[in-house]
Amino acid sequence: MLIKNLRILDPATNKDCIGELNIEGSRVPTLPQLPDGSLDGTGYIVMPGLVDIHTHFREPGATDSETIQTGMAAAIAGGFSIVTTMPNITPAADNEAILRFQIEEAEKYSEGLVKLYPTACCTKGRAGKEAVAPAELPSAIAFTDDGNFVAPDEAMLQVAKACKELNKVIMDHAVVPSIANGGVMRECEASIGEKIFPDAAEVEAVKRDIEVARKTGCRMHIQHLSCAEAARIIAEAQAEGVRISAEATPHHLMLAAEQIPSSTASNWKMNPPLGLESDVQALRKAVLDGTICCFATDHAPHSAKKKEGGFAKAMFGIIGLETAAPASWTAMVTEAGMSPIEWCKAWTTRPAELLNISIPSLFEKKETTVVFLKEEEWTFEEKDIASKSHNTPFVGHKFTLKVTGLAKTC
Ligand SMILES: [Zn+2]
């Protein structure tokens, strides 16, 4: 069907314009018909489907929290065309068989709209000791021990050298555990009696990773950046030509530690913890100036049982696929003044580039997944969740953008 009067965000050509597209699929929003038989897309934004480079599905291992099937449903609900699964499943994703399993399982539930690319561990069994051999893992789109910092410098250097040869990116969960020392929250009103997470845990990890990138020339990517000082040293390294990049999650850009209602509010517990308001402002600035090149969800489903016990006991992590576009648009476009096309790139071409995937222009008439968005104020409710788990602090939150469909251009 031909849809006219759409606002098209096309990151490949840097265009933000009104135009028409041929689109097919069962998830196209209901649109009025024009006299010439085409459909009227007035009021809708269309752009390439979002690319998430940081997704946790829990299969195999913790299917009480998420399966590949429910995870793919969450990705479709959130407007994604690509999800990149992290290797902290059980058993850990350090071999081709488990990478292939995820790809094949996801194909069953993709509706032809979403593709799953798995990452593999940096260390065998994700145990933080012995490096994997990246050349023997062709199905891995990138390498990370996410959930854990790759602590031994030797193992990290070995993986970095191999990834440099393969031109694959390393993504690091930059938190030094001995410095974090079990910290669950930054110092704020709700943190009284809880273990405090010091910025140094992230900053020291980022410094080590900058050195690895400097020494080996590998592409190093810092996951879920959470504090001002880490953003500052990354900008400094980038200015020196070090190949280091970083992502920020919608929750680290939208929520601050000062907003945590209490130490029993487990759905506000994630790793790294929320920064202070000053960190949120610094992260937003780092997105605007390009230090942080992209957004990423860190979609981390946990069953209600695993989120019991408040900050002291609950597992780290919140779901994020369904709220990714709305929360990041509200924080960055509405509140921080980011241009819609730059916001679009941070969800599409820029994360795709890290994975060596190209997003074609919507004007090339190639078959591409596109997302329908609408600018409107609405309140996120539990019924909007497609994930098997409901661990999110965003229920009841107001957003200024809504995902209204996912389809294909033709
Ligand atoms: Zn992580």
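The values are calculated or read from the model by the stated rules, or taken from the named source; none is laboratory data. What you see is a predicted model; the values in this text were computed from it and never measured. Here the Cβ positions follow ideal geometry from the backbone for every residue, glycine too, while neighbour counts run over all protein chains shown. All accessible areas refer to the heavy atoms of the entire protein, side chains included, with ligands and DNA or RNA removed. Shrake-Rupley method; radii C 1.70, N 1.55, O 1.52, S 1.80 Å.
Worth a mention:
- Test result for Met315, touching a residue at least 12 places away in the same chain (Cβ under 8 Å) and either open to solvent by 50 Å² or more (accessible area, probe 1.4 Å) or acidic (Asp, Glu) (or both): yes
- The helices (runs of 4 or more DSSP H) found wholly in the stretch 142-248 and carrying at least 3 residues that are within 14 Å of the ligand (Cβ to nearest atom) and open to solvent by less than 60 Å² (accessible area, probe 1.4 Å) occupy 199-216.
- Pair list, Cβ under 6 Å, 6 or more apart: the stretch 88-100 residue over 14 Å from Ser139 (Cβ atoms), other residue of a type outside the set (D, E, K, R) and surrounded by fewer than 21 Cβ atoms within 10 Å (Cβ to Cβ): Asn88/Gly147; Ile89/Pro60; Ile89/Gly61; Thr90/Gly61; Ala92/Gly125
- The stretch 249-268, residues that are open to solvent by less than 10 Å² (accessible area, probe 1.4 Å) and touching an Asp or Glu at 6+ places or on another chain (Cβ under 6 Å): Thr249, Ala256
Here is a yes/no grid of residues against (1) among the charged types (D, E, K, R); (2) touching a Leu at 6+ places or on another chain (Cβ under 8 Å); (3) within 16 Å of the ligand (Cβ to nearest atom); (4) in a loop (DSSP other than H, G, I, E, B):
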| position | (1), (2), (3), (4) |
| --- | --- |
| Cys17 | no, no, no, no |
| Asn22 | no, yes, no, no |
| Thr30 | no, no, no, yes |
| Ala75 | no, yes, no, no |
| Ile89 | no, no, yes, yes |
| Ala93 | no, yes, yes, yes |
| Ile103 | no, yes, no, no |
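- Condition check for Thr119: within 16 Å of the ligand (Cβ to nearest atom), open to solvent by less than 20 Å² (accessible area, probe 1.4 Å) and either within 17 Å of the chain's Cα centre (by Cα) or within 18 Å of Asn356 (Cβ to Cβ) (or both): yes
- Residues (within 29 Å of Leu362 (Cα to Cα) and more than 17 Å from the chain's Cα centre (by Cα)) located in the stretch 71-107: Gln102, Ile103, Glu104, Glu105, Ala106, Glu107
- Considering the conditions (1) without any contact (Cβ under 8 Å) to a residue 60 or more places away in the chain; (2) within 16 Å of the ligand (Cβ to nearest atom); (3) buried (at least 23 other Cβ atoms within 10 Å of the Cβ), Val132 is excluded by exactly one of them, (2).
- Spans of helices (runs of 4 or more DSSP H) in the stretch 313-410 with at least 3 residues closer than 30 Å to Pro177 by Cβ and at pLDDT 95 or above: 324-328, 349-354
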